[in-house]
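The values are calculated or read from the model by the stated rules, or taken from the named source; none is laboratory data. None of these values were measured; they are calculated from a predicted model. We place every Cβ from the backbone using ideal geometry, glycine too, and count neighbours over all the protein chains shown. Please note that ligands, DNA and RNA were not included when accessible areas were found on the heavy atoms of the full protein model with its side chains. Shrake-Rupley method; radii C 1.70, N 1.55, O 1.52, S 1.80 Å.
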Amino acid sequence: AFGKPGRPPEDRLARQAEIYLAVAPLILEGGARHLSMRAAADAACMSIGGLYHYFPTKRDLVLH
């Protein structure tokens, strides 16, 4: 095998759930249409690049 083994897929799913739980109140307040990825990143206390790593689009985030 080449390179590092990486993290198990469960870690990614758990992190996505944490992010969604942090962003859910914003979606409930203003709706998905008014949610910005910048506001979502701020709510989850992460960089916008980190947010895009877990959710490539706003649609992916909202539908999670």
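Some observations on this one:
- 14 Å beta-carbon shell around Tyr20, net charge (K/R +1, D/E -1): +2
- Seen from every direction in turn and averaged, the convex hull around the alpha carbons of the chain projects onto 4.7 nm².
- Relative to the longest principal axis of the Cα atoms of the chain, the long axis of helix 9-30 makes an angle of roughly 10 degrees.
- Neighbourhood net charge (12 Å Cβ-Cβ; Lys/Arg +1, Asp/Glu -1) for Ala43: -2
- Solvent-accessible surface of the chain, taken per residue with a 1.4 Å probe and all protein chains present: 73 Å².
- Check: the chain dipole with +1 on Lys, Arg Cβ and -1 on Asp, Glu Cβ, in debye: 220
- Over the chain, dividing the summed -39,500 (n - 2.57) contributions of all DSSP H runs of at least 4 residues by the number of residues returns a 222 nm mean residue ellipticity of -19500 deg cm²/dmol.
- The apolar share of the surface of the chain, taken as the fraction of accessible area on carbon and sulfur atoms (1.4 Å probe, ligands and nucleic acids excluded), comes to 59 percent.
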